[in-house]
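Report on the structure given below.
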Amino acid sequence: MHEASIALSLIDVASEVLRENGGARASALTVRVGAWSSVVPQALTAAFPACAQGTPLEGARLNVVTVPGVGECPTHGPVTLDLKGGLRCPQCGAPTPTLLQGDELELDEIELLEPQPEGS
Ligand SMILES: [Zn+2]
């Protein structure tokens with residue numbers, strides 16, 4: 001259910017953008033999901049079609065781009081974190097409590113559907 005509510009809020013944001021584009025419809029949606037966010041990409045793409053029904057995003061494809069976690073090590077600077085290793089530098093084991101990236105969930109791109117020619 002977690003992913004369904006996320007899908008709904010993404011659809012909300014995207015619908016708003018489509019309204020600003022004169023009521024266009026979308027053919028595809030790309031979202032960036034951090035590997036360290038609690039979102040399961042597969043569950044999100046599975047929840048999306050049902051959530052999009054009756055919205056301007058009905059029938060649109062959902063692409064999920066996974067963003068790896070990056071922490072800041074005092075010695076090594078930004079390091080890519082290993083999910084299994086937790087918030088620690090994979091090289092020296094120092095704690096990296098701050099995520100520089102990897103916990104995001106954001107709308108990246110909306111592909112607009114070409115308007116259908118009238119009278120067809
Ligand atoms: Zn380090």
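Tell me whether the range 102-120 contains one or more residues that are touching a Pro at 6+ places or on another chain (Cβ under 7 Å), within 16 Å of the ligand (Cβ to nearest atom), part of a loop (DSSP other than H, G, I, E, B) and of a type outside the set (Ser, Thr, Tyr). Within the range 102-120 (the criterion being touching a Pro at 6+ places or on another chain (Cβ under 7 Å), within 16 Å of the ligand (Cβ to nearest atom), part of a loop (DSSP other than H, G, I, E, B) and of a type outside the set (Ser, Thr, Tyr)), the answer is no, since none of the residues qualifies. Contact map, the range 11-32: residues that are free of Cβ contacts under 8 Å to residues at least 60 places away in the same chain paired with residues that are surrounded by 15 or more Cβ atoms within 10 Å (Cβ to Cβ) and of a type outside the set (Lys, Arg), Cβ distance under 7 Å, separation 6+ or inter-chain. Pairs shown: Ile11/Cys51; Ile11/Ala52; Ile11/Thr55; Ile11/Leu57; Ser15/Thr55; Ser15/Pro56; Ser15/Leu57. Counting only strands (runs of 3 or more DSSP E) wholly contained in the range 1-75, the ones carrying 1 or more residues that are of a type in the set (Asp, Glu) and either open to solvent by 30 Å² or more (accessible area, probe 1.4 Å) or closer than 28 Å to Gly85 by Cα (or both) occupy 70-73.
Would you confirm, using the coordinates I've provided, whether Leu99 is more than 20 Å from Ile11 (Cα to Cα) and surrounded by fewer than 19 Cβ atoms within 10 Å (Cβ to Cβ)? It is true that Leu99 is more than 20 Å from Ile11 (Cα to Cα) and surrounded by fewer than 19 Cβ atoms within 10 Å (Cβ to Cβ). Within the range 81-94, is there a residue that is touching a helix residue (DSSP H, G or I) at 6+ places or on another chain (Cβ under 9 Å), surrounded by 12 or more Cβ atoms within 10 Å (Cβ to Cβ), not in a loop (DSSP other than H, G, I, E, B) and not hydrophobic (A, V, I, L, M, F, W, C)? No, the range 81-94 has no match at all.
Against the test of being more than 26 Å from the chain's Cα centre (by Cα) and at pLDDT below 90, the options Gln116, Gln91 yield a single qualifying residue, Gln116.
The values are calculated or read from the model by the stated rules, or taken from the named source; none is laboratory data. Bear in mind that the values here come from a model prediction, so they are computed numbers and not experimental data. We place every Cβ from the backbone using ideal geometry, glycine too, and count neighbours over all the protein chains shown. Accessible surface areas use protein heavy atoms only, side chains included; no ligands, DNA or RNA. Shrake-Rupley method; radii C 1.70, N 1.55, O 1.52, S 1.80 Å.
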